[in-house]
Amino acid sequence: MEGNSLDEARRMIKTVDHMVYVTYPILKENRLLIKMLEQVNNAVFNIINAIIQHEYAYKRIRLYSDMRANMEIFEEKVAPRYGISGEHMLGIKQVFNLIEKHRKSPMEFVRQNKFIIMSENLETENVTLDKLKFFLTISKELLKKAEMTMTSDRNYF
């Protein structure tokens, strides 16, 4: 299970990396920004899911049907074991929050190399290429830390 999630995450990260550094600079299509954000979100979700499943399999944590409870366990108990810093956790939460706002947004538009997400109370969030590069870096580091820790666990037992 966890291997498939990591393989899928690796594929998504590779796709986003190509889009950020090759496709987007050529096309300059700002609507790609939200597609890249969705891919990063899915990759990060898959990595976290694989980590949580791995920790559960080794009986280090309990799982709940509530995803928020599982995220709290991930942040408090699992992230330190994997060397995931507070800055990375903030980036992960930013990705999840932006996607949530995107899903709930009644209106979105493009302006000056930004994808703008507007909430019902007219607050705006923007997605830029620089933000995506930051999120992509976090997702790559998260994947690397997950692979290293999970591999060392398998070699240990």
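Over 24 Å between C-alpha atoms is what I'm after, so list which of 14/144; 77/131; 93/131; 77/114 land there. In this structure, 77/131; 77/114 lie more than 24 Å apart at Cα. Taking 7 Å steps out from each Cα toward its Cβ at residue 148 and residue 118 produces label points 4.5 nm apart. Note: relative contact order over the chain, using C-alpha pairs below 8 Å and six or more positions apart, is 29 percent. Rounded to the nearest 10 degrees, the angle from helix 86-104 to the longest Cα principal axis of the chain is 50 degrees.
The ranking of 54, 102 from fewest to most other beta carbons within 10 Å of each one's beta carbon is 102, 54.
Partners of residue 133 within straight-line reach, counting aspartates and glutamates whose Cα lies under 12 Å from its Cα and excluding those fewer than 8 residues away in the same chain: 17.
No lab work stands behind these numbers, since they all come straight from the coordinates. From a predicted model like this one, the values you see are computed outputs, not experimental measurements. Because the Cβ atoms are built from the backbone with ideal geometry, glycine has one as well, and the counts that use them run over all protein chains shown.
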